[in-house]
């Protein structure tokens, strides 16, 4: 990346495209969510609607938890990007100060 500032200006940086790094915590939540979705599908298919409600509630809770985790990861990525941008701007300011350009 030639210049973080240029890449950001031209829209070439999009953190929403970045895949969340797999961690044991993420994998645990994701696998449980997948399991709940499969159970939900099976219960729905068999028309056992009483149990369906509880599985649906747990699926929604896990979905919220994994979304929260992904958002915190994107925040960290954005913070790191911002730190790089600040360092780049600082370097350009110091460079222009010392070179007079």
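Please treat every number below as a calculation from the coordinates, not as lab data. Small disclaimer: the values here were computed from a predicted structure and weren't measured. Every residue, glycine among them, receives a Cβ derived from its backbone with ideal geometry; neighbour counts consider all protein chains shown.
For the chain, what does the helix formula give at 222 nm: sum of -39500 (n - 2.57) over DSSP H segments with n ≥ 4, over the residue count, nearest 500 deg cm²/dmol?
Here the helix-only value at 222 nm equals -28500 deg cm²/dmol.
Give, in nm to one decimal, the length gained when the segment between residue 63 and residue 30 is fully stretched (0.36 nm per residue of separation minus the Cα-Cα distance).
11.0 nm
Counting other beta carbons within 10 Å of each Cβ, put 13, 89 in order, fewest first.
Placing the least packed residue first, the sequence is 89, 13.
Compute the angle between helix 24-46 and the longest alpha-carbon principal axis of the chain, please, reported from 0 to 90 degrees and rounded to the nearest 10.
Compared with the principal axis, the helix lies near 40 degrees.
Please work out the ratio of the alpha-carbon Rg of the range 1-95 to 2.2 N^0.38 Å and round it to two decimals.
Compactness ratio reported: 1.66.
Sort 82, 36 by Cβ crowding within 10 Å, fewest neighbours at the top.
Ascending number of Cβ neighbours within 10 Å: 82, 36.
Between residue 3 and residue 93, 0.36 nm times their residue separation minus their Cα-Cα distance comes to what?
Contour length minus Cα-Cα distance gives 31.0 nm.
What's the exposure ranking of 59, 99, going from fewest to most Cβ atoms within 10 Å?
Ascending number of Cβ neighbours within 10 Å: 99, 59.
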